[in-house]
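Just below is one structure, and these are the notes that go with it.
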Amino acid sequence: MSEQTAPLEPIASDLSPEAGFAETPWRRFAVEFASSRLAMVGLLLFLGIALAAIFAPWIVPQDPYDLAQLDIMDGQLPPGSASLAGYTYLLGTDDQGRDMLSAIIYGLRISLLVGSVSVVIALLVGGSLGLLAAYFGGAVDSVIMRVVDIQLSFPAILVALILLAIFGNGVDKVIIALVIVQWAYYARTVRGTALVERRKEYMEAASCLALSHRRIVFRHLLPNCLPPLIVVATVQIAQAIALEATLSFLGVGVPITEPSLGLLIANGFEYMMSGRYWISFFPGVALVLAIISINLVGDQLRDILNPRLKS
Amino acid sequence: MLVYLIRRLAQSILVLLVMAVLVFVGIFAVGNPVDVLINPEADLQEQQATIERLGLDLPLHEQLFVFMGNAVKGDFGRSFLHGEPAMEIILTRLPATMELAVVALAISLVFGVLFGLWAGLKPYAFSGKTIMAGSILGFSLPNFWQGLMLILIFAVFLGWLPAGGRGETTEFLGMRVSFLTADGWSHILLPALNLAIFKMCLVIRLARAGTREAALQDYVKFARAKGLSPRRIVLVHILKNIMIPVVTVVGLELGSMIAFAVVTETVFAWPGIGKLLIDSIVNLDRPVVVAYLVLTVFMFVIINLTVDLIYSVLDPRVRLAEVKA
Amino acid sequence: MTSAANDLPTLEVRNLETHFFTRAGVLRAVNDVSFSVKRGEIMGLVGESGSGKSVTGFSIMGMVDAPGRIVGGEVRFQGQDLRQLDESAMRDLRGNRIAMIFQDPMMTLNPVLRIETQMVESVLAHDKVDRAEARRRAVEALGLVGISSPEERLRAYPHQFSGGMRQRVAIAIAMLHKPELIIADEPTTALDVTIQAQILHEAQKLCRRYDTAMIWITHDLSVVAGLADRVCVMYAGQLVEGGQVDAVLDHPLHPYTAGLIGSVPSQNMRGRRLTQIPGMTPSLLRLPKGCPFQARCDRAHDDCAQVPVSRELIPGRWVRCFYPCETEAVP
């Protein structure tokens, strides 16, 4: 199976015999990752989606939020219709005559932005707190972990709803809410790994060398805690994107001026009943593809990075 | 054990208290309900009277004090919008949510176990792989969009089931319920399915993993060696073994079912507490939001406490560790 | 039962071949195995782990799962070839006329079902009787294997029993239908030595009493010595030697058997070094040409690259070797 997928990626050259003896951890990782065709499909799909989102302004056929380009006469056209100006709306238009394809690509941009930014911040905050809890133990540990336990006993969506009911709408507020919802996962993951790592001999050696706390934590402990953290972070990006979409759909997420995929779907809801499905359907497909691609990559990462599952 | 119970109980009450204060103070910071509630054309005197009647003129800490005092008595104030006591509104809506959650739980349990069992017995067959692929898809579908698609397929295109609402209800044990009429069932089916799919996928995974493990165990071989029929081996020997983890997890998920009902109820216009919450957030109906959150937090605290207690009873190691701590 | 049926061995296995078709290749777990067991006879099947003993047992039961398959030979039970029977006919035999007991009593009883359930279902699987009768038989069977107050014990779950008690329950379940053949797959390996002795005694007593044929699979020669009438030694999927227990243990013919006996500590060898067989068991995936033991054998010659055929050197003693040990010494 791997031979068939290999030509899809530059990694293919790594599979050739002459590269075999110069094996680095990264190369081995790449080869292992490429061994699953499904994971490669997920990775390519995700890269495609991410690139489309990043370069949205240059690739979309129409700027969906430049009102001058919209023609209300083109409103609610089904997929494949031609506009008055002769342009084909591949995925149809919404009630204001907006090209759905362009709106979706812009929506992806906001969804991915919110998802990745919130994950990065939550990772930094949660990861540091978890590391501190594990390294210092005692009161620091019990306070941090008590908060984590209590928070994790409530479903993420409920916590996010409460927070947004308090904060109100806004991209920045959604990001803050998602960070607060997610940090606890990272804190728990890192603490768990760090507690195991801390008992290993290289940590003992590091403290015998009288290295500074900072150096021990960041140069010795942290790198060894990364693998499970990476796996959790990958899965959490998908979770964050789904959660943001849900919140926006419920009307407590991003504002109308910056519509993410969730908001696009909400906007199309009322038209769906009369069979004009495409306004809700296609943004949802984009959302699902983004989530699935990330999950596929995450599954494979977990299989590779989790030595317990490997054996 | 008693010490543990008391400590755990005290902790729960503390959580409840902190949450209540946080929520109240937080909600206080949101917008000004006066703008929404009071007729802009009313004169200043009328506005002032309304503000005083609602207690919105008092400083934050006094409002909090009044709120806490009343909350202990179960009084969360009157809804700004409906004029009725907030807790009362929620409690009249609660049976709808509960009914939805229970039906969804039943669907996820029954179908999840059946599919999981099948996939576990035939992991390499097309059917088994299809079930697993489906469960992965079910994990990835955002709940609200999945609901829209159910409506699109079963209500809009096929026209088999209604798209929303609760339909005909009948009185049962003092509550309005849907499950006694055909019309009620036709209305509850889609939202319950929507709520159930995610949990069903969870149960499928658990049941499949359990089945695959159980199928390799000696007690299954021994059961075969006794000459039992495959039917009895699967439905008694394997099923009974996988039910323990499945039931535990599903019990734990009851709470998140109620939380996720917010999404499903909004999509299907199901008149439960979840939809009420969203409406109240949008309309800045503070008393209802606060009452909902306090009630939900309360339910969660109870569920978590119960689960912890059951665990400590079931697993002697947990009990020991807690007593020592 | 006619007198003709009485003369037949209860079980006769001829040239049995069971292979596992794995991704790594064809694993020849059972390779040209032939033996027979008579009524009331206990046959020990001895070999290291991975030598194919258990697969032989499962092959007789018709319980070899994919990727494994019986590819050749006959399994004649009371003269009838079991390989010709369909699954439902096999199911009627299993637990009824052929019973099996497994190694780990912790694992063979279903942890979430009461002993009563597990015994009653076994009765009902083969006999159309009501529950009360099924329960009565369960009580009787428990009494048979020396479990006191069986009425109360029926209500218990497996974890409320000790390992030895559980194995007694398993034997009681096997005895429920008074089978003609019991296949015991290392049933005492997981038990303490004292408990082991009790179970062996119990099993032997029951076999004698009901004239049941029994195949006792084990890796432990001392178990076979005390229990069995005859013994077959299995190595790398093949039977290398067979005969009366005392004869085989006192005067092993096959170099492997000799090595096996030499590596068991015993009192009369106090002070002497234990011998060990050099080398390792060959992988069943890549068996060498000819005798599978040749690489480890100090008696091997060039012609051991040919497949040795089983020869009956003395009546009742046969060996699969070109250069058997101490043929002279055998009386």
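The values are calculated or read from the model by the stated rules, or taken from the named source; none is laboratory data. Remember, predicted model here, so these are calculated numbers, not experimental data. No Cβ is skipped: glycine too gets one built from the backbone with ideal geometry, and neighbour counts run over all protein chains shown.
Go through the stretch B:1-62 and tell me which helices (runs of 4 or more DSSP H), entirely inside it, have 3 or more residues that are at pLDDT 65 or above and either within 25 Å of the chain's Cα centre (by Cα) or not acidic (Asp, Glu) (or both). Before you say what the answer is, go through the steps one by one.
Working: elements: B:2-28, B:33-37, B:44-54.
Per the criteria, B:2-28, B:44-54.
With the checklist (1) more than 30 Å from A:SER260 (Cα to Cα); (2) in contact with a Ser or Thr (Cβ under 8 Å, 6 or more places away or on another chain); (3) free of Cβ contacts under 8 Å to residues at least 60 places away in the same chain; (4) not polar (S, T, N, Q) in hand, flag the one item B:TRP145 doesn't pass.
Every condition holds for B:TRP145 apart from (1).
This table checks each residue for (1) within 25 Å of A:THR257 (Cβ to Cβ); (2) in contact (Cβ under 8 Å) with a residue 12 or more places away in the chain; (3) more than 14 Å from chain B (Cβ to nearest Cβ).
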| residue | (1), (2), (3) |
| --- | --- |
| A:GLN151 | no, yes, no |
| A:ALA160 | yes, yes, no |
| A:ASN169 | yes, yes, no |
| A:ILE176 | yes, yes, no |
| A:VAL181 | yes, yes, no |
| A:ALA205 | no, no, yes |
| A:VAL217 | no, yes, yes |
| A:HIS220 | no, yes, yes |
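Just the residues that are of a type outside the set (Phe, Trp, Tyr) and either in contact (Cβ under 8 Å) with a residue 60 or more places away in the chain or surrounded by 14 or more Cβ atoms within 10 Å (Cβ to Cβ) (or both), please, taken from the stretch B:1-12.
Scanning the stretch B:1-12 gives B:MET1, B:VAL3, B:LEU5, B:ARG8, B:LEU9, B:GLN11, B:SER12.
Filtering the stretch B:195-211 down to residues that are basic (Lys, Arg) and closer than 11 Å to B:PHE115 by Cα, which residue is surrounded by the most Cβ atoms within 10 Å (Cβ to Cβ)? Give the steps one after another, and end with the answer.
Here is the first cut: in the stretch B:195-211, the residues basic (Lys, Arg) are B:199, B:205, B:208.
Remaining after also requiring closer than 11 Å to B:PHE115 by Cα: B:205, B:208.
Values: B:ARG205: 20, B:ARG208: 25.
That would be B:ARG208.
Here is a yes/no grid of residues against (1) among the β-branched types (Val, Ile, Thr); (2) crowded, with 18+ Cβ neighbours inside 10 Å; (3) closer than 15 Å to B:ALA96 by Cβ; (4) modelled with pLDDT of 75 or more:
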residue	(1), (2), (3), (4)
B:LEU252	no, no, no, no
B:PHE268	no, yes, yes, yes
B:VAL282	yes, no, no, yes
B:VAL297	yes, yes, no, yes
B:VAL313	yes, no, no, no
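Residues of the stretch B:76-87 being surrounded by fewer than 17 Cβ atoms within 10 Å (Cβ to Cβ) and either aliphatic (A, V, I, L, M) or more than 19 Å from B:ILE278 (Cβ to Cβ) (or both), which ones?
B:GLY83
Would you check if there is a residue in the stretch C:201-216 being more than 14 Å from the chain's Cα centre (by Cα), among the small types (Gly, Ala, Ser), over 27 Å from C:VAL319 (Cα atoms) and not in a loop (DSSP other than H, G, I, E, B)?
No, that holds for no residue.
Among the candidates B:ALA214, B:ALA225, B:ALA192, which residue alone is more than 14 Å from every other protein chain (Cβ to nearest Cβ) and surrounded by 15 or more Cβ atoms within 10 Å (Cβ to Cβ)?
B:ALA192
Please verify whether B:ILE302 is modelled with pLDDT of 75 or more, among the hydrophobic types (A, V, I, L, M, F, W, C) and surrounded by 22 or more Cβ atoms within 10 Å (Cβ to Cβ), treating the condition exactly as stated.
No, not satisfied.
Look through the stretch A:9-68, keep the residues that are over 28 Å from A:ALA286 (Cα atoms) and part of a loop (DSSP other than H, G, I, E, B), and return whichever of them is modelled with the lowest pLDDT.
So the residue we want is A:SER16.
Just to check your reading of the model, which residue among B:VAL249, B:VAL289, B:VAL297 is away from every other protein chain (no Cβ under 11 Å) and touching a helix residue (DSSP H, G or I) at 6+ places or on another chain (Cβ under 8 Å)?
Of the residues listed, the single one that is away from every other protein chain (no Cβ under 11 Å) and touching a helix residue (DSSP H, G or I) at 6+ places or on another chain (Cβ under 8 Å) is B:VAL249.
Show me the strands (runs of 3 or more DSSP E) entirely contained within the stretch C:38-149 in which 1 or more residues are aliphatic (A, V, I, L, M), without any contact (Cβ under 8 Å) to a residue 60 or more places away in the chain and more than 9 Å from every other protein chain (Cβ to nearest Cβ).
C:68-77
If I ask for residues that are more than 17 Å from the chain's Cα centre (by Cα) and not charged (D, E, K, R), which ones from the stretch C:64-83 would you list?
C:ALA66, C:PRO67, C:GLY68, C:ILE70, C:VAL71, C:GLY72, C:GLY73, C:GLN78, C:GLY79, C:GLN80, C:LEU82
If a residue has to be under 29 Å from B:ASN304 (Cβ atoms), surrounded by fewer than 18 Cβ atoms within 10 Å (Cβ to Cβ), away from every other protein chain (no Cβ under 14 Å) and of a type in the set (Val, Ile, Thr) to count, how many in the stretch A:97-149 make the cut?
3
If A:PRO259 satisfies all but one of (1) surrounded by 18 or more Cβ atoms within 10 Å (Cβ to Cβ); (2) within 14 Å of chain B (Cβ to nearest Cβ); (3) at pLDDT below 85, what's the number of the condition it fails?
For A:PRO259, the failing item is (2).
What are the pairs, 6+ residues apart or on separate chains, where a residue within the stretch A:36-59 that is farther than 15 Å from A:ALA238 by Cβ has its Cβ under 9 Å from a residue that is assigned to a loop (DSSP other than H, G, I, E, B) and acidic (Asp, Glu)?
Note: pairs meeting the criteria are A:MET40/A:GLU9; A:LEU44/A:GLU9; A:PRO57/A:ASP63.
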